[in-house]
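**Student:** Once you've had a glance at the structure underneath, I'll fire off some questions.
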Amino acid sequence: MWIALFVLGYGLVSKRLERTIVTPPMVFVTLGLLFGSGSLAALSMHIDQGVIHVLAELTLVLVLFGDAARIDLRVLRNELGLPARLLGIGMPLTIIAGALAAKLLFPQTTWLEAAVLGAILAPTDAALGQAVVSTPSVPLRIRQALNVESGLNDGIALPVVLIFAALASMGGGEARTASEWVWFAARQVTLGPLAGVAVAWIGGRLINASQSREWMSGNFGRLAGIALALLAFTGAEQIGGNGFIAAFVAGMTLGNSQRGQCEYLYQFLEAEGQLLVLLVFLLLGVHLAWPTIAEGSGRMWLYVVLSLTVVRMVPVAISMMGSGLRAPSVVFLGWFGPRGLASLLFAILILEEAALPHGPLVFDVVILTVLASVFAHGMSAAPAARWYGRAASDAAHCPEEHKAVVEQPLRM
């Protein structure tokens, strides 16, 4: 009942709140914090851990699938500049910087555990600072760089997280040899993509043929894309691959082989998909936030600050060397790397399965970082977008920022 009331209540004022610094994730995390605190604990939503796991799993499948489907790789090939720098240089350096900071602040962790933490917190979630990627005054090239980075880096980071977690678990009590772990990791990152490509290519052609003959109604067209995401996930799991990687690859395959047929998918993700995302943020506040805050130490909070600033901003600055961007643009790109849904879901699903020697510590740091990012990036998005929009308004003074690019769909 409470969840339904929250969704209805926010919906009634959602358009008005779009003009403020308040974002949907901030609202739902705050509601979760209130209903998970002592004063309102009696009214709290008691949800089984199994339900939370299923919700997180389903949400991650749809997010990976939808993020990959909305990026048009054929268009992107001609506009690789900034996204390629962010993903090919900035992201690996962010993982390395995050691992170094983790090992420095938490010396009890192994290097592999530190690498797991760095990799989990490398993906960004542009939806946490929606104003940044949707404000017209911000040059389109800058908005698209952040949008494309956010759309692809969760799927790119996932195999890295899986491999590091598998290797780190070798010392965590799992009865597997090193060769067994290597074989397990190899199957995860090879069979998953194969299943994703096969399901999306065959399913996409079937959907296209059905729609061209007008056999499929619009409502079932929207459901068909989601069915492909779930088929890719379950198919990969059945053959020993990783279902999440399969969902990401399936989305990329469908989005680029049946580009004109993906409107139904975007429509679903803007409504039903957004509801799932907000429920995850609500459950973050209700079930995960307060216990983690209670366990938080000074070193954990210091890592949070470093993760949201130096660990992200320095690699981005290095990746932009020689790009021709002005300093305000580099700072803007560096700051707006929110840690959100992907990091949260990786923590819930992957750390739950991995037997890391210091798994609870890694989990708590991820949760604290996501919590801080929800509010820090949410509140700063609109004011920073207005400031940067004014600073970069002169196309003659900022030619690199105003280079023409094709706009890609946003994740709402």
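The values are calculated or read from the model by the stated rules, or taken from the named source; none is laboratory data. This is a predicted model, so every value here is computed, not measured. Glycine gets a Cβ as well: all are built from the backbone with ideal geometry, and neighbour counts include every protein chain shown.
**Student:** Could you tell me whether any residue of segment 370-386 is closer than 24 Å to A168 by Cα, in contact (Cβ under 8 Å) with a residue 24 or more places away in the chain, among the basic types (K, R) and assigned to a helix (DSSP H, G or I)? Walk me through how you get there before you give the answer.
**Tutor:** Step one: list which residues in segment 370-386 are closer than 24 Å to A168 by Cα, which gives 370.
Pick out the ones that are also in contact (Cβ under 8 Å) with a residue 24 or more places away in the chain and you get 370.
Now restrict to residues that are among the basic types (K, R): none.
Within segment 370-386, not a single residue is closer than 24 Å to A168 by Cα, in contact (Cβ under 8 Å) with a residue 24 or more places away in the chain, among the basic types (K, R) and assigned to a helix (DSSP H, G or I).
**Student:** Still on this structure, please answer the following. Quick check, is F332 out of contact with any Leu (no Cβ under 7 Å at 6 or more places or on another chain) and more than 30 Å from L167 (Cβ to Cβ)? Quick ask: steps written out before the conclusion?
**Tutor:** Working: out of contact with any Leu (no Cβ under 7 Å at 6 or more places or on another chain): yes; more than 30 Å from L167 (Cβ to Cβ): yes.
Yes; evaluated as a whole, the condition is true for this residue.
**Student:** Here is a list: L40, L17, L73. Which entry is on the phi < 0 side of the Ramachandran plot and modelled with pLDDT of 70 or more?
**Tutor:** Details: L40 fails: modelled with pLDDT of 70 or more; L17 fails: modelled with pLDDT of 70 or more.
After applying the criteria, what remains is L73.
**Student:** Checking A396 against (1) of a type outside the set (V, I, T); (2) in contact (Cβ under 8 Å) with a residue 40 or more places away in the chain; (3) part of a loop (DSSP other than H, G, I, E, B), which single condition isn't satisfied?
**Tutor:** Of (1) of a type outside the set (V, I, T); (2) in contact (Cβ under 8 Å) with a residue 40 or more places away in the chain; (3) part of a loop (DSSP other than H, G, I, E, B), only one is false for A396: (2).
**Student:** Which members of segment 337-367 meet the condition of being assigned to a loop (DSSP other than H, G, I, E, B) and within 16 Å of the chain's Cα centre (by Cα)?
**Tutor:** To start, the set of residues in segment 337-367 that are assigned to a loop (DSSP other than H, G, I, E, B) comprises 337-340, 354-358.
Result: G337, P338, R339, G340.
Condition check ((1) part of a helix (DSSP H, G or I); (2) touching a Phe, Trp or Tyr at 6+ places or on another chain (Cβ under 8 Å); (3) at positive phi; (4) not β-branched (V, I, T)) across all residues:
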position: A200; (1), (2), (3), (4): yes, no, no, yes
position: L206; (1), (2), (3), (4): yes, no, no, yes
position: Q211; (1), (2), (3), (4): yes, no, no, yes
position: F220; (1), (2), (3), (4): yes, no, no, yes
position: A229; (1), (2), (3), (4): yes, yes, no, yes
position: T234; (1), (2), (3), (4): yes, no, no, no
position: F244; (1), (2), (3), (4): yes, yes, no, yes
position: V249; (1), (2), (3), (4): yes, no, no, no
position: T253; (1), (2), (3), (4): yes, yes, no, no
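**Student:** Applying the selection to segment 304-336, what residues are under 22 Å from the mean Cα position of the chain (by Cα), surrounded by fewer than 24 Cβ atoms within 10 Å (Cβ to Cβ), assigned to a helix (DSSP H, G or I) and of a type outside the set (A, V, I, L, M, F, W, C)?
**Tutor:** Within segment 304-336, G334 is the sole residue that qualifies.
**Student:** List the number of the failed condition for R411; all other conditions in (1) at pLDDT 90 or above; (2) within 18 Å of Q130 (Cα to Cα) hold.
**Tutor:** (1)
**Student:** R339 versus (1) in contact with a Lys or Arg (Cβ under 9 Å, 6 or more places away or on another chain); (2) surrounded by fewer than 23 Cβ atoms within 10 Å (Cβ to Cβ); (3) at pLDDT below 95: which is the lone unmet condition?
**Tutor:** (2)
**Student:** Pick from T94, T124: which is of a type in the set (S, T, N, Q) and modelled with pLDDT of 95 or more?
**Tutor:** Details: T124 fails: modelled with pLDDT of 95 or more.
That would be T94, the only listed residue that is of a type in the set (S, T, N, Q) and modelled with pLDDT of 95 or more.
Every residue, every condition in (1) in contact with a Gly (Cβ under 6 Å, 6 or more places away or on another chain); (2) more than 27 Å from L73 (Cβ to Cβ), yes or no:
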| position | (1), (2) |
| --- | --- |
| G334 | no, no |
| P338 | yes, no |
| A342 | no, no |
| I350 | no, no |
| V366 | no, yes |
| F375 | no, yes |
| P399 | no, no |
| Q408 | no, no |
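**Student:** Can you name every residue in segment 43-70 that is at pLDDT 85 or above and either outside any helix (DSSP H, G or I) or of a type in the set (S, T, N, Q) (or both)?
**Tutor:** Result: T59, single match.
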